[in-house]
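In what follows, a structure is listed as structure tokens, so that the remarks can point back to it.
Please treat every number below as a calculation from the coordinates, not as lab data. Just so it is clear, the structure is predicted and the values come from calculations on it, not from any experiment. Cβ atoms come from the backbone with ideal geometry, glycine included; neighbour counts cover every protein chain shown.
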Amino acid sequence: MSDYQKIAPIANKILKKYDLCDNCLGRLFSKQLHLSSNKLLGKKLKKDKPLTKKCYVCKNIFENLNYFLKMMFDASSNYSFVSFSVGAMIKPSVIDRDDYIRSQYKLRGIDSIKTDFTKELAKSFSKKTKHVVDTLNPEFTFTINLKDESCQIRSKSITVFGRYVKSLRGLTQKQKPCQNCSGKGCRLCDFHGISEFDSVEGLISKFLFEKIGGTTAKFTWIGGEDKPSLVLGTGRPFFVKIQNPHNRILKQTSKTLESLKINNLKIVNESPKKPLKFTSSIKIKITTSSEIDVKNLKKLKELEKQSVVVYDASGKHSEKNIFSVKSKKTSNNEFFLFLKSDGGLPIKRFVDGDNVSPGVADILDTTCKCLEFDFLDVHVNDNN
């Protein structure tokens, strides 16, 4: 006796008691027969039986596939993606009826109605658009809500790496969050979390929103600088995660935005999961309370031979290495200090010796103040 001959009597028993559509009937047996089309199997099992008026399990939702497909086309029309998946929110009563029949007739290892519905939608959408179904790591996700007949979408976030060069003073690194939503995203800020674009973060965000769309932008900075500081050389590296992007390709690799130039732009897999180690080349302008002796400035070379200990407010400490030190006297009470050091050295505190040991003031044995400091270059270490 063939597998089909074994299941036909069970199918007839079910149909005598329940009116099922072709999809729901075929789904109960298709895996047993290793068939891919539930609908065709359902038709074969019914033979000459009357057409279904209203399916006991699904209430004829499979007749409305084109209606939900149109929802998916409309919702995704402004997005570019290659892979996708389809999910569904189905009324509990439908799932209960499906489970009841499978339990009553002891049918195991069968796709649920939710799985069958989403498979059929995904197959049809893929056939019409040539997009690839990917249930593990899709670029785009549809969720069909059968309770209120809506279609929700989610575009997988993308991460952009780049560097910025700041050639004019007065531009802050971070943008203040939208006052209305505290950065969460609302209608007033167009769901960006920021309502103004007058910082490094704001200018870069605005450019990326224009190029690839998206809602919020979450930055991972490789160090930071004060508002008056310049960032020169190859620039400061950054990573930015764009939520819900419309476009997944970034062709433009550089852009000048007012006093800010961004370069080396490219899409990467993800932001760093832990802080990256980096070194900074820094130019510091320092003033002293007493007249500077050039011979005394040479004492600063001692910094190359020892670690600088930085204490935080809680009493914890970290150590920073200084790899090179040069100085240049510019007047009786001012000089430039050129450093190459581990990233994260608090420059102003390092100069005046505020919970940083040894500080410049300690070595020169005079009161010192940092007037300004600029980053000549920032290098990400190879051993991250």
Largest to smallest principal axis extent of the C-alpha atoms in the stretch 3-155, angstrom:
49, 30, 26
Under 19 Å from LYS44, Cα to Cα: lysines that are on another chain or at least 8 residues apart:
LYS6, LYS13, LYS16, LYS17, LYS31, LYS53, LYS54
Signed unit charges on C-beta, dipole axis of the stretch 158-268, positive-most listed residue LEU250, PRO237, THR216
LEU250
Using only Cα atoms and rounding to the nearest 10 degrees, what angle (0 to 90) does helix 200-212 make with the longest principal axis of the chain?
30
Could you list, bin by bin from short to long, the percent of Cα-Cα pairs of the chain in 10 Å steps?
4, 18, 19, 15, 12, 11, 9, 7, 4, 2, 0
Inter-centroid distance (Cα atoms) of the stretch 200-253 relative to the stretch 98-154, Å:
36
Let me see the P(r) profile for the stretch 118-185: every Cα-Cα distance counted, bins of 5 Å, each bin given as a percent of all pairs.
3, 10, 13, 15, 12, 11, 9, 9, 8, 6, 3, 1
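Kirkwood Rh and Cα-based Rg: tell me the resulting Rg over Rh for the stretch 215-263, rounded to two decimals. Please report the intermediate quantities before stating the final value.
On the way: Rg = 12.8 Å, Rh = 12.9 Å.
Dividing the radius of gyration by the Kirkwood radius yields 0.99.
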Over the chain: helical MRE at 222 nm, DSSP H runs n ≥ 4 each giving -39500 (n - 2.57), nearest 500:
-7500 deg cm²/dmol
Please list 104-115, 198-209 highest first by mean number of surrounding beta-carbon atoms within 10 Å per residue.
198-209, 104-115
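Tally Lys/Arg at +1 and Asp/Glu at -1 over every other residue whose Cβ is under 14 Å from the Cβ of LYS119; what's the total?
On the way: positive: ARG27, LYS31, LYS39, LYS114, LYS123, LYS127; negative: ASP111, ASP116, GLU120, ASP134.
Here the charged neighbours net out to +2.
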Per-peptide average of other Cβ atoms within 10 Å, ordering 313-322, 86-95, 217-226 highest first
217-226, 86-95, 313-322
Value of Rg/Rh across the stretch 75-158 [Cα atoms, Kirkwood radius]
1.04
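How high is the relative contact order of the stretch 278-380, in percent, with contacts defined as C-alpha pairs under 8 Å that are six or more residues apart?
Values: 222 pairs, mean separation 43.4, N = 103.
The value is 42 percent.
Less than 14 Å Cβ to Cβ from ILE267, Lys/Arg counted +1 and Asp/Glu -1: what total charge do the surrounding residues give?
Working: positive: LYS156, LYS211, LYS241, ARG248, LYS251, LYS266; negative: GLU139, GLU270.
Once all neighbours under 14 Å are counted, the net charge is +4.
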Along each principal axis, Cα extent of the stretch 158-268, largest first, Å
37, 31, 22
Can you order the peptides 261-274, 351-364 by their average number of other Cβ atoms within 10 Å per residue, highest first?
351-364, 261-274
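Any idea what the relative contact order of the chain is, in percent, if you count C-alpha pairs under 8 Å spaced at least 6 apart?
That works out to 13 percent.
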